[in-house]
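> Could you have a look at this structure, given as structure tokens, before my questions?
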Amino acid sequence: MRYIEPHANMVSRTTADYQAIAMAGCEALCEPAFWAGYDRASAQGFYDYYRQLTITEPARAAKFGIPHFCWLCINPKEAEDPVFAREVMSLIPEFIDKPNVLGIGEIGLNKNTKNELQIFEEHVEIAKKYDQAILIHTPHLEDKLKGTKLIVDALNNAGVDRNRVIIDHVEEHTAGHVLDNGYWAGMTLYPESKCSPARAIDILETFGMENIWMNSACDWGVSDPLAVIKCALEMKKRDHSAQTVDKVIFENPRTFLEQCPNFKI
Ligand SMILES: [Zn+2]
């Protein structure tokens, strides 16, 4: 089955994962700048990380025939100190023109603090200045609905092109708010937390198949790089047509990502 993995943290994964993803039919893989499981000690740590995302990881993916793309930012979990965050953000212009960069992400909120929101808004301004698409992380568990509303309000106030913004990790109680405001929605499939395949398909059946994608967000924790394809098989079991499955796992992400000039498959 052909599919696009729109959110995978491959710096944390093995070559065996790349092989499995390639064999499962992955046509393109996108990697947001994220929290790597530890707080980086200096802005230089992010400089090296951006080099990894724009040079090393595309070369590793190419060995398995997979086009690799990335997003740039300082993730919300490390953005609580605005001075540090701005030092990292000042590195972004040097990398923004690299051939595999899709835009700014995953920015967003972690604990919904004032500082996080300030840095989120400054990232949005960078995206506007460089005419970039935006990928957004929403907080987990009890903070999710409040964080999603704060993010949507900030985006509405900033006057971004809503078609070029995707808000990720939506669940039953946040998908409607994101879609009703004209933004794209992403669902993250995790074995232990976030959405199970069954929940993700319930959300699709509730809110429709438009402007929504699914991703594995596989990383350094318990996660499954084949989660999207496993969810697609689950959709087939529920009698969704091959055309509908293809729309959700291939056509939708392609439609969103083709708005990024560097995205080609
Ligand atoms: Zn995230």
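The values are calculated or read from the model by the stated rules, or taken from the named source; none is laboratory data. Just so you know, these numbers come straight off a predicted model, no measurement behind them. Cβ sites come from the backbone with ideal geometry, for glycine too, and all protein chains shown count toward neighbours.
> Only one residue in I66, I21 is more than 15 Å from the ligand (Cβ to nearest atom), modelled with pLDDT of 95 or more and in contact with a Pro (Cβ under 7 Å, 6 or more places away or on another chain). Which one?
From the options I66, I21, the qualifying one is I21.
> Residues being assigned to a helix (DSSP H, G or I) and more than 18 Å from L53 (Cα to Cα): count how many of those fall in the stretch 82-126.
Qualifying residue count for the region: 19.
> I've got another one for you. Between A28, A62, which is aliphatic (A, V, I, L, M) and closer than 19 Å to S216 by Cα?
The unique qualifying residue is A28.
> Out of all the residues in the stretch 141-177, which are within 14 Å of the ligand (Cβ to nearest atom), more than 22 Å from V222 (Cα to Cα), part of a helix (DSSP H, G or I) and free of Cβ contacts under 8 Å to residues at least 40 places away in the same chain?
Across the stretch 141-177, the qualifying residues are G147, T148.
> List every residue pair whose Cβ atoms lie under 6 Å apart, where the two residues are 6 or more positions apart in sequence or sit on different chains, the first residue falls within the stretch 37-49 and is on the phi > 0 side of the Ramachandran plot, and the second residue, located anywhere, is surrounded by 12 or more Cβ atoms within 10 Å (Cβ to Cβ).
These pairs meet every condition: G37/W220.
> Here's another thing I want to ask about it. Can you name the residue in the stretch 18-67 that is in a helix (DSSP H, G or I), hydrophobic (A, V, I, L, M, F, W, C) and touching a helix residue (DSSP H, G or I) at 6+ places or on another chain (Cβ under 6 Å) and, of all such residues, is surrounded by the most Cβ atoms within 10 Å (Cβ to Cβ)?
F46
> Related question: Return yes when A8 is in contact with a Ser or Thr (Cβ under 8 Å, 6 or more places away or on another chain), among the small types (G, A, S) and either assigned to a loop (DSSP other than H, G, I, E, B) or more than 16 Å from the ligand (Cβ to nearest atom) (or both) and no when it is not.
For A8, the condition - in contact with a Ser or Thr (Cβ under 8 Å, 6 or more places away or on another chain), among the small types (G, A, S) and either assigned to a loop (DSSP other than H, G, I, E, B) or more than 16 Å from the ligand (Cβ to nearest atom) (or both) - is met.
> Can you find, within the stretch 191-237, the residue that is nearest to G25 (Cα to Cα) among those that are of a type in the set (D, E, K, R) and away from the ligand (no atom under 16 Å from the Cβ)?
K230
> Just name the residue that is farthest from I166 (Cα to Cα) out of those in the stretch 78-110 that are within 16 Å of the ligand (Cβ to nearest atom) and of a type in the set (G, A, S).
The qualifying residue farthest from I166 (Cα to Cα) is A79.
> Moving to a separate point now. Restrict the check to the stretch 238-246 and report whether at least one residue is surrounded by 14 or more Cβ atoms within 10 Å (Cβ to Cβ), of a type in the set (S, T, N, Q), within 16 Å of the ligand (Cβ to nearest atom) and touching a residue at least 24 places away in the same chain (Cβ under 8 Å).
The answer is no; no qualifying residue exists.
> Kindly indicate the residue of the stretch 167-199 that is among the small types (G, A, S) and farther than 16 Å from E142 by Cα and also surrounded by the fewest Cβ atoms within 10 Å (Cβ to Cβ) among those meeting that condition.
Ranking the qualifying residues of the stretch 167-199, first place goes to A198.
> For the subset of the stretch 71-81 comprising residues that are out of contact with any strand residue (DSSP E or B) (no Cβ under 7 Å at 6 or more places or on another chain) and in a helix (DSSP H, G or I), which member is surrounded by the most Cβ atoms within 10 Å (Cβ to Cβ)?
The extreme case among them is E78.
> A follow-up question, please. What are the residues in the stretch 132-147 that are farther than 30 Å from P261 by Cβ and among the hydrophobic types (A, V, I, L, M, F, W, C), if any?
L141, L145 - these are the residues of the stretch 132-147 that are farther than 30 Å from P261 by Cβ and among the hydrophobic types (A, V, I, L, M, F, W, C).
> Suppose we filter T138, T113 for residues that are within 14 Å of the ligand (Cβ to nearest atom) and within 23 Å of H169 (Cβ to Cβ); which single one remains?
Among T138, T113, only T138 is within 14 Å of the ligand (Cβ to nearest atom) and within 23 Å of H169 (Cβ to Cβ).
> For the stretch 213-265, which residues satisfy the criterion of being of a type in the set (S, T, Y) and either under 19 Å from P32 (Cβ atoms) or assigned to a helix (DSSP H, G or I) (or both)?
Result: S216, S223, T244, T255.
> Another question, if that's okay. Could we say that E125 is over 18 Å from the mean Cα position of the chain (by Cα) and away from the ligand (no atom under 16 Å from the Cβ) here?
The answer is yes for E125.
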